[in-house]
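Participant: I have a structure I would like to understand better, so I am pasting it below and will then ask my questions one at a time.
The values are calculated or read from the model by the stated rules, or taken from the named source; none is laboratory data. These numbers come from a predicted model, not from an experiment. Every residue, glycine among them, receives a Cβ derived from its backbone with ideal geometry; neighbour counts consider all protein chains shown. Heads up: the accessible areas ignore ligands, DNA and RNA and are worked out on the full protein's heavy atoms, side chains in. Shrake-Rupley method; radii C 1.70, N 1.55, O 1.52, S 1.80 Å.
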Amino acid sequence: MSEPGRCPACDEPALAPWRTVPGSDPAMPGDYALARCASCGSAVTLAPAPAEAHEAGAYGGGTPRGSGLAAPLLRAFDRRRLTFLERAGARPPGRLLDIGAGRGRFVAQARAAGWDAAGIEPSLRGMGGAQAAGIELQHAGIEDAVVATGSIDAATLWHVLEHLDDPGAALERIAGWLAPGGRLLVGVPNLASVQARAGGGRWYHLDVPRHRTHFTVEGLHALLRRHGLQPVATHHVLAEHNPFGLWVSVVSRSTRVPSWLYHALKRNAPLRSRDALVTAAALPLVPVAIAAELAFGLAGRGGTVAVVARRV
Ligand SMILES: [Zn+2]
């Protein structure tokens, strides 16, 4: 937060105490107070994230269970991200930068699509994974990355912005890296979604305390505009995160570990447990969640959103 009470999204001095929610990761128990903006509806996690937040619990490393099965699905999701850029007028050839590149999977996909693609990644875990896959990334955060001014045609910030203590400062730097007319694709959870309301303090995409700002679309648009990035497209129908988020959030109301299936896949919760039975019993609800989230997305209330903005 830039100063107490000021919304990190829309910058209005309208933050007020909202609610206290349980930690979303079994490795980070306890309660966390949130404040909400009366102007744009975005929220912030007030207590700082523990220093090890991005290395512990679900982020502890190791290969997730079922990752072999998930690989084709993840590639399809990556291609979808490239489609969002293309539809907004950003096509190869050109320079693409993936910010928070993880293990470099999207960088590889963008290269295969014809982009001159690079990535920056702050975590050693991501760097190690990328190296193992033969993809070189710049080991840096947004604040210390070395990127030439105006050199980037398309940048992607996929589920990164909500993790940052100062999202405005990050966007200011990124806007400087983009060439005039360059495009930025941002993906974040949507606090104004139906699933956020249904999940309450156990909403899958709340991920407290790792998520620092909980954006609404209104708040994200305001933040982008303030940093010279004009939103040109907003997508609410996203197969990548939305149906799973809705289903897990509903099931999470009845499990002991929040979002048990996610944490079990990340080897962060015991596989043999009562929660496994509850989750198995809820499997028939998966098609219902897919259909419901599609309807919510078409109504502009998707669980996560993807926004493409143009550097003014
Ligand atoms: Zn606000």
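Participant: Are there GluC sites (Glu not before Pro) in the stretch 66-163 that DSSP marks as loop and that have at most 15 other Cβ atoms within 10 Å, and which are they?
Facilitator: Answer in residue order: Glu136, Glu143.
Participant: Hey, can you list the DSSP H helices of the chain whose Cα span along the axis is 27 Å or longer and whose average Kyte-Doolittle score is at least -1.0? Show your work: numbers first, answer last.
Facilitator: Numbers: long enough: 67-87 (30 Å, -0.14).
Those that pass (Cα extent of 27 Å or more, hydropathy at least -1.0) are 67-87.
Participant: Using amide H atoms built 1.01 Å from N in the peptide plane, name the residues 5+ places from Asn190, or on other chains, whose amide H lies under 5 Å from its own.
Facilitator: When sequence neighbours closer than 5 places are left aside, the close amide H contacts are Thr304, Val305.
Participant: Continuing with this model, one more query. With a 1.4 Å probe and all protein chains left in place, how much of the accessible area of the stretch 238-312 comes from carbon and sulfur atoms, in whole percent?
Facilitator: Heavy-atom surface of the stretch 238-312 belonging to carbon and sulfur, 1.4 Å probe: 67 percent.
Participant: Which value in deg cm²/dmol, rounded to the nearest 500, describes the helix-derived mean residue ellipticity at 222 nm for the chain, given -39,500 (n - 2.57) per DSSP H run of n ≥ 4 and division by the residue count? Don't jump to the answer; show the numbers that get you there.
Facilitator: Numbers: 10 runs with 102 residues, N = 312.
So the calculated ellipticity at 222 nm is -9500 deg cm²/dmol.
Participant: Where only protein heavy atoms count, and the probe is 1.4 Å, what is the accessible area per residue for the chain in Å²? Don't skip to the answer; put the middle values down first.
Facilitator: Working: 13570 Å² over 312 residues.
Per-residue value: 44 Å².
Participant: How much of the accessible area of the stretch 168-215, in percent, comes from carbon and sulfur atoms when a 1.4 Å probe is used?
Facilitator: After summing per-atom areas, the C and S share lands at 53 percent.
Participant: Can you give me the Cα centroid spacing of the stretch 215-243 and the stretch 20-62 in angstrom?
Facilitator: If you average the Cα positions of each part, the centres end up 21 Å apart.
Participant: How many percent of the accessible area of the stretch 1-105 is carbon or sulfur, using a 1.4 Å probe?
Facilitator: Summing carbon and sulfur atoms, their accessible area is 54 percent of the total for the stretch 1-105.
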